[in-house]
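The values are calculated or read from the model by the stated rules, or taken from the named source; none is laboratory data. Quick caveat: nothing in here was measured; it's all calculated off a predicted structure. Here the Cβ positions follow ideal geometry from the backbone for every residue, glycine too, while neighbour counts run over all protein chains shown. Each accessible area value is taken on the protein alone, full model and side chains, heavy atoms only, with ligands, DNA and RNA left out. Shrake-Rupley method; radii C 1.70, N 1.55, O 1.52, S 1.80 Å.
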Amino acid sequence: MDFEDYFNDVCKFTEKNSNKIKELGKGQHPEITVISCSDSRLSFPITKKLGKVFTIREMGGILNDSSIASIEYSALIGVKKFLFMGHTNCGAIKGALELVSDKETEEKKEIMKSKFLRTFMHDNIIKPLNLANRSNKEKEINKVVEDNSMLQIEKLLKESEMIRKKFENKEIDIEVCQYCTETGIIEFKRKFKN
Ligand SMILES: [Zn+2]
């Protein structure tokens with residue numbers, strides 16, 4: 001694969017938006033921060049708003065020290081709206097559900113071979129969301145995706161004193177949405193309240 005050819009459309013986008021890019025070269029003033037999964041299907045709604053969206057993406061939208069630092073930085077440069085974007089059929093959640101299921105799927109076998117994937121799913125999804133002890137109904141993938149978004153917000157407010165204080169003082173808003181990978185539609189779930 002030739003990367004230059006592969007990103008040819010990006011060059012066209014750059015040409016078309018050269019004035020905007022020049023302006024943004026002076027500094028960024030993002031309006032919102034989106035915390036979402038690394039899933040390739042989620043790129044479109046985010047890249048459309050050049051210079052407006054500060055983006056933090058990790059597998060499953062799981063927060064770690066570095067992503068929390070990124071969220072704090074975005075608050076520092078003026079972001080007041082934070083959007084946690086889960087998505088339907090998230091691979092990280094699906095993998096975690098397979099790990100706790102009795103079925104021996106190929107994917108499960110592959111995950112078990114990777115120390116990093118196995119530990120990541122166990123520590124960040126299976127254990128905190130109590131997946132092993134859930135009823136079948138409570139194991140429905142998109143329900144777990146939504147629960148995971150709420151868990152990440154709780155983690156952020158617990159770990160980050162800066163964000164917690166801003167949230168308690170009503171200086172920032174936190175919202176949850178779910179991107180549907182089958183239709184491209186974003187469903188806004190609710191504002192996060194204390
Ligand atoms: Zn995902």
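Keeping the other protein chains in place, figure out the carbon and sulfur percent of the accessible area of the range 28-191, with a 1.4 Å probe.
52
Please give every one of the aspartates and glutamates within straight-line cross-link reach of LYS103, meaning a C-alpha to C-alpha distance under 19 Å, and leave out same-chain neighbours fewer than 8 residues apart.
GLU138, GLU140
Sort 61-70, 148-157 for me by packing, meaning the mean count of neighbouring Cβ atoms within 10 Å per residue, highest on top.
148-157, 61-70
Heavy atoms of the protein only, probe of 1.4 Å, neighbouring chains included. What is the accessible area of GLU146 in Å², nearest 10?
50
Which aspartates and glutamates, on any chain, are close to LYS12 with Cα under 14 Å apart, when same-chain ones fewer than 8 places away are left out?
GLU4
Assign one of three labels to the chain, namely rounded, prolate or oblate, based on the Cα gyration tensor with a ≥ b ≥ c the square roots of its eigenvalues; rounded applies when a/c is under 1.5, prolate when it is not and a/b is larger than b/c, and oblate otherwise.
oblate
Between beta-carbons, use under 14 Å as the cut-off and find the net charge around SER101, counting Lys and Arg +1, Asp and Glu -1. Present the calculation step by step, with values, prior to reporting the outcome.
Numbers: positive: LYS94, LYS103, LYS108, LYS109, ARG134, LYS139; negative: GLU98, ASP102, GLU104, GLU106, GLU107, GLU138, GLU140.
Net of charged neighbours comes to -1.
Taking Cα pairs under 8 Å and at least six residues apart, what relative contact order does the chain come out at, in percent?
Worked out over the chain, it gives 22 percent.
In Å², what does the accessible area per residue of the chain work out to with a 1.4 Å probe? Before the final figure, lay out each step's value.
Working: 12060 Å² over 194 residues.
The answer is 62 Å² per residue.
Under the 0.36 nm per residue contour assumption, what length would be gained going from the current alpha-carbon distance of ASP173 and HIS29 to full extension?
Working it through step by step, the gained length comes to 50.1 nm.
Within 15 Å, Cβ to Cβ, of LYS158, how many net charges do the neighbouring residues add up to if Lys/Arg are +1 and Asp/Glu are -1? List each step's numbers first, then the result.
Values: positive: LYS155, ARG164, LYS165, LYS166; negative: ASP65, GLU72, GLU154, GLU159, GLU161, GLU168.
Computed value for this residue: -2.
At 0.36 nm per residue, and after removing the present C-alpha to C-alpha distance, how many nm does the segment from GLU110 to ARG164 gain when stretched out fully?
Stretched out fully, the GLU110 to ARG164 stretch lengthens by 15.6 nm.
Assign unit charges at the C-beta atoms only (+1 for Lys and Arg, -1 for Asp and Glu), then state the dipole size of the range 28-191 relative to its Cα centre in Debye, rounded to the nearest 20. Spell out each step's value before the answer.
Values: 28 positive and 25 negative charges, 40 e Å.
That gives the range 28-191 a dipole magnitude of about 200 debye.
Between their Cα atoms, which of LYS22/LYS166; LYS49/LYS189; LYS81/LYS155; LYS137/LYS166; LYS94/LYS189; LYS26/LYS193 are more than 28 Å away from each other?
Where the Cα-Cα span goes over 28 Å, the pairs concerned are LYS22/LYS166; LYS137/LYS166; LYS26/LYS193.
What order do you get for 94-106, 13-25 when each peptide is scored by the mean count of other beta carbon atoms within 10 Å, highest first?
Taking the mean over residues of other Cβ atoms within 10 Å, the ranking is 94-106, 13-25.
To make sure I understand the rule: partners must be aspartates and glutamates, Cα under 12 Å from the Cα of LYS52, and not fewer than 8 residues away in the same chain. Which ones qualify?
GLU31
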